[in-house]
Amino acid sequence: MALLSLDDLTVSYGDNTVLENFNLEINQGEFVSLLGPSGCGKTTTLRAIAGFVNPGSGRIVFMGKDYTNIPVHKKQFGFVFQNYALFPHMSVFDNVAFGLKMQKTPVAEIKKRVQEMLELVGLEGFAQRHPGELSGGQQQRVALARALVIKPDLLLLDEPLSNLDAKLRVEMRVEIRNIQQQLNLTTVYVTHDQEECFSISDRVVVMKDGKIEQYDQPEVIYRYPMTEFVARFVGFENFLDLKEKDGRLVTNNGIEFKLDRNDELAKYRVAVRPDDIVIKEVGGDRTANVLTAKVKISTFLGKEYQYLVETELGEFVVNAATVNRIKNGEQIELYFPEENIRIVKEAL
Amino acid sequence: MNEKGKSLTLFTFLVYLFLIAPLLIITVTAFGQSEFLKFPPDSFSIRWFLNVFEVEMFMRTFLISLEVACIATFIALLVGIPAAYVISRYRFRGRKILESFFLSPVLIPQIVFGFSLFNYLVIKLRLPVFTGLLIGHTIFIIPYIIRVISASLANFDYEIEEAAVIFGANRIKTFFMIVLPNISSGVVAGFILAFINSFNNVPISVFLTGPGVSTLPIQMMSYVEYYFDPTIAALSVLLMGMTTVLMFIIERSLGLSYFTSK
Amino acid sequence: MKYRLHYLLLIPAILFLILFLVIPLFITLLSTVRTDGGWTLSRYPVFFQDFYLRDIYFRTLKIAAITTLAAAVMGFPTSYYISRTAKKYRGIYIILAVFPLLTSPVVRSFSWMIILGKNGIVNDFLVRIGFIGEPLNLLYTEFSVIMGLLYLFLPLMILSLVGVMENIDSELLRAAESLGASRLTAFLKIVLPLSLPGLVIGASLVFTGSLTAYTTPMLLGGDKTQVLSTLVYKNALALFDWQQASLVASIMVITTFTVVISINWFSGKFNRGEAG
Ligand SMILES: Nc1ncnc2c1ncn2[C@@H]1O[C@H](COP(=O)(O)OP(=O)(O)OP(=O)(O)O)[C@@H](O)[C@H]1O
Ligand SMILES: [Mg+2]
């Protein structure tokens, strides 16, 4: 059974309903990321799990118990805030020790555990400093240490790396993942950085407008997006509409497309990455999965060229490592290999 | 700076002369020798400063003013801080109206407020004058407290409180361990602003004083009616000394920018 | 959050204000329309039919208006100057404006008694240069009250204006000038509209302050130049005419609220007009 499950959760701010009938299950020891554009409700989901916002309806079940109405301070959850939210008037030591003090842990043990934790995040020498005297990365580590030291049942992180520079961000995410695995912590992680999210998560929740678009392992989401939204999110830029005609799938201008399909639908929307389309010279013998096109703009990307091409079905973006740049206005053929085509649900 | 021009500089200088000269004149006059208020004095002495301490009523009423200002400010803090907290931390229907309500005592003409309170508390309810005085001062300084505390709370990230709560502190512990230490400068500044305004108040006190219960400003007003010697000037200088100290504390705790950003 | 217990924290403040502000004021207002057997509004017109009282009413308004105008005229250029001063020196100007504000109104009014008195500096000077033979009666006149009030409230005007003008970007002015606007045009088209909110706040503070001030008119106007606030006091504690005191008090409250509400309404309307 899942460690944490959100059952039919609804959360609103006044008249603005942010989450509606939201369902999510997370297993013990799993690292799950919430990914999505700004305003889609990631923070709200995390805050609902923590208990900072009360769901209008639905349940939060944790370790088999109904956690919906448990007061925030009675839960053993760790939270890392986007702006760290360190206590400005306390030293690093007291910040980290805060949770333990609240649990009335003996002083000697507090000392020992805080020391250990500061070592783990590499802040041994900083115990007596105040947050104002630390760099962003160091404050971030304090926030992490403060959350980890209480041995939380669940670790919640809200874009913890978004205030750091790019290099530090990569370092810290590796560190967070290491610690998480070392301590076998169940973790919910909010981000809108796709690469960050894929690199550290066991499973990813892609969200849009307060709804889950897809919940799966990073590889699956990257390779097999289920909706147009997710597809666009992970780099599919070309979309085509196909419909059933005489038992075959054809485009609007009647060209046949072959693809792997399990379910028999009347209409399909398919997505292809720019890298996955093959450019051919005009006059090949293949006719299925091929569109004729005219180059409109070409851009040199370094390892390949990117072409914006015009077809009867609209514009497509194609990346190709051709030796010479194809001239603007030249006629070409685009081949869509069957194995690179993904069927997606249409965006509403 | 050419955008400022010479005539503007001169104008500003004259306006500031207008603001400062009267207080300087009082100060110089206070050091005069003669029985009359004269500027500039013919000869100098500190006899009028000594005289301030001779007038028993000044000393008595000074202590009463001090007592009233301290107690009223303390009560206003007790009542005002929780209210300011809810107003700045929670969004609810009618919040704006409630905020205006809490700030409304500054809109009521103080003389009217003093009169009404006297009529109600002392005449109708037969409360002691001193109680009325305390209540009057408390009510009219509540807006100062609420405004200053709200301003400090606005600068204190709510997430920090949430952090305390998620790490096991209940709301009350959070307030005393996390919020209060971080708005302490606002509390100090609010205390002083409220204190000064209570200490200097005349229009409310004028109705809520009586035999045996008077405040220093009221006493000074009646002294001026009968005597025109530099004692009041000397007392004024002493009071300005007090203002200077309190202002220094405000500057330290709140920063002077508070006064220009309403 | 669920149980909304935190709203209990509002109760002491609400209770305090209702018990000790709303009820007493309400009683005062009510007493002006109560008669032995019923209700009447007739006391208000009677007040305005009395020449003496009507004079005091309009004198109070006049004094407040002149004070506000003078404060605006003195405060506007000064605040502009301060707002264009380097940040580290601005603090000095602010301190010098705040200091009088925190000084006892008795002290501040008293200083004008020294200045304007029979043996005061002004008379002294005028006699010495032979401009006048006898010292003038400057005290206890509308002039002395206005000077006292101006002195009392000018800092409020300056602080309100500086608060807004500080945020006007100098670059904006330079840009306007570089686009060919004369300094005057730039001032009229940029500084004036942008500082209007500060001017409105300052003016309403000064106007309502002057309208309701007690200490200064008492010390510098006395019995000779009465205003509404001193009239309330006199009716209540010198003449023991409670009824009349309540009436004057109510008229003050109504006037003040009318002024505050219309200023808010006008500035609200104006701001919306600007945005649209
Ligand atoms: N306290 C609040 N009151 C009212 N509406 C809110 C509040 N907090 C968030 N919202 C609204 O709820 C929606 C979801 O917000 P949320 O903060 O969960 O988004 P997010 O996915 O975390 O976005 P971001 O990436 O920008 O942090 C938004 O439309 C936001 O405007
Ligand atoms: Mg967020």
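Every number in this text was worked out from the coordinates using simple rules, so none of it is lab data. Note that the structure is predicted; figures quoted are calculated from it, not measured. As a convention, Cβ positions derive from the backbone with ideal geometry for all residues, glycine included, and neighbour counts pool all protein chains shown.
A few notes on this one:
- Within the range A:164-222, the residues that satisfy the criterion of being within 30 Å of residue A:345 (Cβ to Cβ) and of a type in the set (Lys, Arg) are A:203, A:208, A:211.
Yes/no per residue for (1) under 22 Å from residue C:21 (Cβ atoms); (2) within 10 Å of another protein chain (Cβ to nearest Cβ); (3) surrounded by fewer than 19 Cβ atoms within 10 Å (Cβ to Cβ):
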site: B:193; (1), (2), (3): yes, yes, no
site: B:202; (1), (2), (3): yes, yes, no
site: B:239; (1), (2), (3): no, yes, no
site: B:244; (1), (2), (3): no, yes, yes
site: B:248; (1), (2), (3): no, yes, yes
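- In the range A:1-26, the residues that are out of contact with any Lys or Arg (no Cβ under 9 Å at 6 or more places or on another chain) and surrounded by fewer than 19 Cβ atoms within 10 Å (Cβ to Cβ): A:1, A:2, A:3, A:10, A:12, A:15, A:16, A:17, A:23, A:25
- Residues satisfying the stated conditions in the range A:13-44, i.e. out of contact with any strand residue (DSSP E or B) (no Cβ under 6 Å at 6 or more places or on another chain) and within 12 Å of ligand 1 (Cβ to nearest atom): A:13, A:14, A:15, A:16, A:17, A:37, A:38, A:39
- Check on residue C:127, part of a helix (DSSP H, G or I) and buried (at least 16 other Cβ atoms within 10 Å of the Cβ): no
- Residue under evaluation residue B:123, criteria (1) at the interface with chain C (Cβ under 10 Å from one of its Cβ atoms); (2) touching a helix residue (DSSP H, G or I) at 6+ places or on another chain (Cβ under 8 Å), criterion not met: (2)
- Residue within the range A:180-189 that is more than 27 Å from residue A:341 (Cβ to Cβ), within 16 Å of ligand 2 (Cβ to nearest atom) and touching a residue at least 60 places away in the same chain (Cβ under 8 Å) present: yes
- Taken over the range B:161-201, the criterion of being in contact (Cβ under 8 Å) with a residue 40 or more places away in the chain and among the aliphatic types (A, V, I, L, M) is satisfied by B:179, B:187, B:188, B:189, B:192, B:193, B:194, B:196.
- Of B:87, B:26, B:64, all but one fail to be more than 10 Å from chain C (Cβ to nearest Cβ) and touching a residue at least 24 places away in the same chain (Cβ under 8 Å); the exception is B:64.
- Here the strands (runs of 3 or more DSSP E) wholly within the range A:1-99 that include at least 1 residues being away from chain B (no Cβ under 14 Å), touching a residue at least 40 places away in the same chain (Cβ under 8 Å) and within 16 Å of ligand 2 (Cβ to nearest atom) are A:4-13, A:16-26, A:31-35.
- Counted residues, the range C:219-239 - those being away from every other protein chain (no Cβ under 11 Å) and β-branched (Val, Ile, Thr): 1
- Taking (1) hydrophobic (A, V, I, L, M, F, W, C); (2) more than 10 Å from chain B (Cβ to nearest Cβ); (3) in a helix (DSSP H, G or I) in turn, residue C:181 satisfies each apart from (3).
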